Amino acid sequence: MFAMRLHAHHTPLQWEELPDPIPGAGEIRVKVLACGVCRTDLHVVDGELPHPTLPIIPGHEIVGRIDQLGPGVEGLSIGQRVGIPWLGHTCGHCPYCASHHENLCDAPEFTGFTRNGGYATLAIADARFAFPLGDSGSDVELAPLLCAGLIGWRALGKAGDAKTIGLYGFGAAAHILAQVLTWQKRPFYAFTRPGDTKTQDFARSLGAQWAGGSDELPPTPLDATIIFAPDGGLVPAALKAVRKGGRVVCAGIHMSTIPAFSYDILWEEREIVSVANLTREDGLEFLSLAPRIGIRATTTPYALKDANTALDDLRHGRFDGAAVLVP
């Protein structure tokens, strides 16, 4: 197999030929057809997440076809197309797993971070954490749904019954969630880097009621805001944008330091909540709903060998929507 592998933080991924992996008990091996490039991959490369495994093959928005089954795998078959997400394994017996909060498992494994991911031609996955995808839709368009789509869906759940929603950081996750909100007939407002008129136009093309810089206030107080950008400075900005009793949802796995802010912007029962990972239930629910909504991810494909270019383009916001690696 071939893979782009990270050996040390803050260094480019290396193109390598490696032995073909063999699935163990309860595991599957997939031939990777596409793998999305996620902001979390940048956090992995930059060493911003605790307890890393190195060397590691990044990538956790994997679309592939099963080419080998490990002992004891049931319900999946050779040739079946599946999606492999960020949450790659849970212990199944800690208090969180036992109470249907497996996203908070005390001993989890994460695809592309603590177990090898999809920046490769082959990948191993725990069969229980692989989502059947069927044969409708292109591999490239489906890949971003495996994280950008799923984390947006979970973040929307944390926003509750909010009728007007602000999206801070209009990238892969927000452009998918925008389509969900339009389908639900919930008005949304897009916040981008100040002066990024190109992305603001992209947000309007997807139905945004208003689009502006993150240093601006929306024309009306919002019921909730969801922050996808990893900038802690957006938390007080988002608090100022919500009404009394409004909620700010922090959807990223990593965020820079949140600056001190005066209590008055939190007062009047405003709330700040975070989103951690996802559950298999989230995945099954969203992936079954996505075809009904007619979600179309805007994608920029890159060859697997060009993973470093894709990561750099993501870091500097050089494309709309999501980047996807194709072996």
Could you pull out every one of the helices (runs of 4 or more DSSP H) wholly within segment 181-293 that has 2 or more residues that are under 30 Å from Glu109 (Cα atoms) and among the aromatic types (Phe, Trp, Tyr)?
-> none
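Per-residue answers, yes or no, for (1) over 20 Å from Ala155 (Cα atoms); (2) out of contact with any Asp or Glu (no Cβ under 6 Å at 6 or more places or on another chain); (3) among the aromatic types (Phe, Trp, Tyr):
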{"position": "Trp267", "(1), (2), (3)": "yes, yes, yes"}
{"position": "Ser274", "(1), (2), (3)": "no, yes, no"}
{"position": "Leu284", "(1), (2), (3)": "no, yes, no"}
{"position": "Ala303", "(1), (2), (3)": "yes, yes, no"}
{"position": "Thr309", "(1), (2), (3)": "yes, yes, no"}
{"position": "Val324", "(1), (2), (3)": "yes, yes, no"}
Does segment 82-129 hold any residues that are of a type in the set (A, V, I, L, M), out of contact with any His (no Cβ under 8 Å at 6 or more places or on another chain) and touching a residue at least 12 places away in the same chain (Cβ under 8 Å), and which are they?
-> Val82, Leu87, Leu104, Ala107, Ala120, Leu122, Ala123, Ile124, Ala125, Ala127
What are the residue pairs meeting all of these: first residue in segment 173-189, first residue without any contact (Cβ under 8 Å) to a residue 60 or more places away in the chain, second residue open to solvent by 10 Å² or more (accessible area, probe 1.4 Å) and polar (S, T, N, Q), Cβ atoms under 6 Å, and 6 or more apart or on different chains?
-> Pro187/Thr164; Pro187/Gln209; Tyr189/Gln209
Assess whether Val249 counts as being in contact (Cβ under 8 Å) with a residue 40 or more places away in the chain, β-branched (Val, Ile, Thr), touching a helix residue (DSSP H, G or I) at 6+ places or on another chain (Cβ under 7 Å) and more than 27 Å from Pro132 (Cα to Cα).
-> yes
How many residues, within segment 201-222, are of a type in the set (A, V, I, L, M, F, W, C), within 22 Å of the chain's Cα centre (by Cα) and surrounded by fewer than 16 Cβ atoms within 10 Å (Cβ to Cβ)?
-> 0
Just give me the residues in segment 108-146 being more than 18 Å from Gly24 (Cα to Cα) and either at pLDDT below 95 or of a type in the set (Lys, Arg) (or both), in sequence order.
-> Gly134, Asp135, Ser136, Gly137
The lone exception for Leu239 - which of (1) open to solvent by 20 Å² or more (accessible area, probe 1.4 Å); (2) more than 28 Å from Val44 (Cα to Cα); (3) in contact with a strand residue (DSSP E or B) (Cβ under 6 Å, 6 or more places away or on another chain); (4) among the hydrophobic types (A, V, I, L, M, F, W, C) it fails = (1)
Restricted to segment 244-292, and to residues that are at positive phi and modelled with pLDDT of 95 or more, which residue is most open to solvent (accessible area, probe 1.4 Å)?
-> Glu269
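The values are calculated or read from the model by the stated rules, or taken from the named source; none is laboratory data. Keep in mind it's a predicted model, so treat the numbers as computed, not measured. Cβ coordinates were reconstructed from backbone atoms using ideal geometry, including for glycine residues, and neighbour counts include every protein chain displayed. Side chains included, ligands, DNA and RNA excluded: accessible areas come from the protein's heavy atoms. Shrake-Rupley method; radii C 1.70, N 1.55, O 1.52, S 1.80 Å.
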